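Read through the structure below, which is laid out as structure tokens, and then see the notes.
The values are calculated or read from the model by the stated rules, or taken from the named source; none is laboratory data. Note that the structure is predicted; figures quoted are calculated from it, not measured. FYI the Cβ positions are ideal-geometry reconstructions off the backbone, even for glycines, and counts take in every protein chain you see. Surface accessibility is based on the protein's heavy atoms, side chains included, excluding ligands, DNA and RNA. Shrake-Rupley method; radii C 1.70, N 1.55, O 1.52, S 1.80 Å.
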Amino acid sequence: MRMSIPVRLSFMLLPLLAILIAPTVQSASKVELDARVSATLERLQEHERASVELIQKASGILVFPRVLKAGFGLGGSTGEGSLLVNYQPVQYYRTTSLSIGLQIGGQASSEVVLFMTDDALERFRESDGWEAGVDGSIALITVGVGGDIDTHNLQSPIIGFIFGNQGLMYELSFEGSKFWKIHKE
């Protein structure tokens, strides 16, 4: 079976992608990660006031302070974070994703996933490698015209925010993201 030139090029560039991402994804200590998680939640609440009430109602909050995404035909992302229950870290996680398509470049973002029901949180915690879009759907909160949050998805059991230093980011998705439990020291 012959592969097309773009597919072959993507497979040849995969090691380059790994080399570019790996040095910037250094594992933070438990103390460092906890501090970054707190700062990320504060930043979300400062940029998006509507998130304050949602965070207070959530059964659990999964926070990834920095998720690095890069791609050149073939893309990937990775980041470390923690699951908070009653604002206390109960488990640490890594998120990863792979994608194929028209893409070039890289970016860093923060991701926050709110489990709005005890059932959704329990199913996530019991899983061994939970995948968005397969094991559960994450309703991505977007900003409408005038900067208002789209309230259409606020009834979902799992709600997510993807944002950068300038606020919520557009045209992003949690689909295909996988969440793995990790041990932190």
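Close contacts from the stretch 107-134, counting a first residue that is touching a residue at least 24 places away in the same chain (Cβ under 8 Å) and over 25 Å from residue 69 (Cα atoms) and a second that is assigned to a strand (DSSP E or B) and aromatic (Phe, Trp, Tyr), with Cβ to Cβ under 8 Å and a gap of 6+ residues or different chains, come to 121/115. Residues of the stretch 134-163 that are open to solvent by less than 60 Å² (accessible area, probe 1.4 Å) and at pLDDT below 80: 142, 143, 144, 147, 149, 150, 153, 154.
Filtered by the rule that a residue be at pLDDT 95 or above and assigned to a loop (DSSP other than H, G, I, E, B), the stretch 117-128 gives a lone residue, 117. Among residues of the stretch 78-92 that are farther than 12 Å from residue 41 by Cβ and assigned to a strand (DSSP E or B), those with a Cβ under 6 angstrom from a residue that is hydroxyl-bearing (Ser, Thr, Tyr) and open to solvent by 20 Å² or more (accessible area, probe 1.4 Å), sequence gap 6+ or separate chain, pair up as 78/96. Residue 51 fulfils the conditions (1) open to solvent by 10 Å² or more (accessible area, probe 1.4 Å); (2) hydroxyl-bearing (Ser, Thr, Tyr); (3) modelled with pLDDT under 90; (4) outside any strand (DSSP E or B) except for a single criterion, (1).
In the stretch 29-59, of all residues being without any contact (Cβ under 8 Å) to a residue 40 or more places away in the chain and among the hydrophobic types (A, V, I, L, M, F, W, C), the one that is nearest to residue 86 (Cα to Cα) corresponds to 52. Within the stretch 78-91, being over 13 Å from the mean Cα position of the chain (by Cα) and closer than 16 Å to residue 64 by Cβ holds for 84, 89, 90, 91. Would the stretch 99-109 turn up any residue that is modelled with pLDDT of 90 or more and part of a strand (DSSP E or B)? Checked against the condition, which is being modelled with pLDDT of 90 or more and part of a strand (DSSP E or B), the stretch 99-109 yields no hits at all. Determine, yes or no, whether residue 131 is of a type outside the set (Gly, Ala, Ser), open to solvent by less than 60 Å² (accessible area, probe 1.4 Å) and at pLDDT below 85. Yes, satisfied.
Which residues, taken from the stretch 56-85, are surrounded by fewer than 19 Cβ atoms within 10 Å (Cβ to Cβ), among the hydrophobic types (A, V, I, L, M, F, W, C) and modelled with pLDDT of 95 or more? The answer is 85, and nothing else.
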